[in-house]
Amino acid sequence: MAKHKTPMLDELEKGKWPSFVSDIKQEAENRGKTSVDLQTPKEACDDLLGLLELTYKDKVVHWKHGGIVGVFGYGGGVIGRYCDQPDQFPAIRDFHTMRVNQPSSKFYSTEFLRQLCDLWERRGSGLTNMHGSTGDIILLGTTTPQLEEVFWEMTHNLHQDLGGSGSNLRTPSDCIGMARCEYACYDTMALCYNLTMEYQDELHRPAFPYKFKFKFDGCPNGCVASIARADMSFIGTWRDDIRIDQEAVKAYVGGEFKPNAGAHSGRDWGAFDIQKEVIGLCPTQCMEWDGKKLKIDNKECTRCMHCINVMPRALRIGQDTGASILFGAKAPILEGAQMSTLTVPFMKIEEPYDEIKDLIEKVWDYWSEEGKNRERLGEMIQRVGFQKFLEVCELEPDPRMIQEPRSNPYIFWKEGDVPGGWDRDINEFRKKHQR
Amino acid sequence: MGIEDDKQLILDTLKSKKGKTKFYLKDFNSMFPDRKPRDVKKLVNSMVSEGLLEYWSSGSTTLIGLKGSGVQHEAEAKEE
Ligand code: SF4
Ligand code: SF4
């Protein structure tokens, strides 16, 4: 029998999709009958349901704002949560969230997942969120005394560390990359791991005016959507030509290979039409098919990946690979949502990644000095101007940084760049230009 | 100025700000105008480890204050 009546939450179970309410009820029931020696209140999940029902009834949040942030020596990884109705819901008087650094590309063994669940059943609420939007493993709800206990077990038995929160470097996150994907233009896992280890101090202790995120996409398909979600986005790309296997192109045209590796075979779309489905959809119109041979004008190609995604057996990424680096994406908080801006069109991504670290540190130093409190990097770039940001990065303006002529007119001449400076002889000028 | 003097300057400055108990990391930079923010950050974080200062976070932003001053949700939770 449920501890609290939850008529409004029950409504949420009625749709055809899985419901988080059912999940919490299931865990509440398990905790009621388990023989595990629980270190947190048995009724945590029941009280959580009760509090949520009250929240819907009152139409106000019943969690207090903020609080404790970490375990000893850490200034991140724990989000303090205290309920403002502790007498009614004593089992969730304190119900802190822990953020755990996910392994690169989220590779787990079932053994690890079992250990993680066992740990969290015993020392937390048993409720998790796999994964939070930054990428971390999110462990929802534990008491203050359990924080250090969980941290000890996590680091000593599971060999996993807490992730970032607050004004820290947030847990870096990467696509599956070279581990399984032939499109990867650099080793996303290696770079993600390397930078995570290099910047442990920034990850665990507040270091900046606000949060800072790195994300690593191995190619422009953008499986971790770094362009929309990271202050510094790495997107794999190549400088040379798309490799074409003309025989395989013919096999696609002849219907021997399924387009998109059969991903759209749930419905009959008719015979594959290369002209309509590939050539016609190339955003830069740089492809040509004469019935025998496929041609690509590579200098016009923007590496959008469309043709490669449709015909992966015929087309492959180039061999001179690296990444484009973009800065400044963010969700709407102060300003509206913003995508990252292309800043480094191409960089080779090679160990020990010194060139990347050099760039990161230039940006951090400037932002720490010039950024306002709670101002994301992208907002600061808007405020000081992209030109200033390029100076900070010690980069020259490049036509590839703008979308099309005159749409982003943010590169201005400086006096030193102009022969003769700003001074001019007005009489000379008037000879050619009437008033 | 030695590191102990730096710490004392931080403690005195925070104590002198009446009515304000939590500060952004950047507020500490202005106490040391000719230092790099990265060095100031290290100093502040080491003072937290020593128990002189403490962090407070909303989850998205981190604030820093003198240990034990201002609203303490944990203490509040116990009092109630
Ligand atoms: S982003 Fe590209 S390289 Fe990474 S997993 Fe997706 S398709 Fe593969
Ligand atoms: S990757 Fe995109 S832009 Fe380049 S040739 Fe293929 S479809 Fe065209």
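The values are calculated or read from the model by the stated rules, or taken from the named source; none is laboratory data. Everything numeric in this text was worked out from a predicted model, so none of it was measured. So basically every Cβ, Gly included, is an ideal-geometry build from the backbone, and we count neighbours across all protein chains shown. Remember, those area values only see protein heavy atoms, side chains included, never the ligands or the DNA or RNA. Shrake-Rupley method; radii C 1.70, N 1.55, O 1.52, S 1.80 Å.
Across chain A, Cα-Cα distances exceeding 35 Å account for 46% of all pairs. Convex hull volume of the Cα atoms of the stretch A:7-158, normalised per residue: 139 Å³. Restricting the stretch A:22-89 to trypsin sites (Lys or Arg not before Pro) that sit in a DSSP loop and have at most 11 other Cβ atoms within 10 Å of their own Cβ leaves A:59. Starting from the stretch A:221-312, pick out the chymotrypsin sites (Phe, Trp or Tyr not before Pro) whose DSSP state is loop and whose Cβ has at most 15 other Cβ atoms within 10 Å. Filter output for the stretch A:221-312: A:269. Buried on complex formation within the stretch A:135-172 (loss of at least 30 square angstrom of accessible surface versus the isolated chain, 1.4 Å probe, ligands and nucleic acids ignored): A:166, A:167. When both the stretch A:118-163 and the stretch A:245-298 are represented by their alpha-carbon centers, they are found 48 Å apart.
When you filter the GluC sites (Glu not before Pro) in the stretch A:284-342 for DSSP loop state and at most 15 other Cβ atoms inside 10 Å of their Cβ, you are left with A:300, A:335. Cross-link partners of residue A:3 among lysines, defined as those whose alpha carbon lies under 24 angstrom from its own and excluding same-chain residues fewer than eight positions apart: A:14, A:25, A:33, A:42, A:57, A:59, A:64, B:78.
How big, in percent, is the set of alpha carbon pairs in the stretch B:3-79 lying more than 15 Å apart? Tail of P(r) above 15 Å: 56 percent of Cα pairs. Normalised by 2.2 N^0.38 Å, where N is the number of residues, the alpha-carbon radius of gyration of the stretch A:243-316 equals 1.03.
Distance from the Cα centroid of the stretch A:299-371 to that of the stretch A:1-65 is 42 Å (rounded to whole angstrom). Contact with the other protein chains removes 40 Å² or more of accessible area, compared with the isolated chain and a 1.4 Å probe, from these residues of the stretch B:46-67: B:49, B:55, B:56, B:57, B:58, B:59, B:60, B:61, B:62. Both chains summed, the buried accessible area for B and A stands near 2700 Å², from protein heavy atoms and a 1.4 Å probe.
Return the carbon/sulfur percentage of the accessible area of the protein assembly as shown, one whole number, probe 1.4 Å, all protein chains in place. Percent of accessible area from carbon and sulfur atoms in the protein assembly as shown: 51. Can you give the helix-only mean residue ellipticity at 222 nm for chain A, where every DSSP H stretch with n ≥ 4 adds -39500 (n - 2.57) and the sum goes over all residues, rounded to the nearest 500 deg cm²/dmol? One gets -9000 deg cm²/dmol as the mean residue ellipticity at 222 nm. For chain B, adding -39500 (n - 2.57) for each run of n ≥ 4 DSSP H residues and dividing by the number of residues yields -14000 deg cm²/dmol at 222 nm.
For the segment A:80-87, counting C-beta atoms of other chains within 10 Å of every residue's C-beta and taking the mean gives 3. The residues of the protein assembly as shown expose on average 52 square angstrom of accessible surface per residue, using a 1.4 Å probe on protein heavy atoms.
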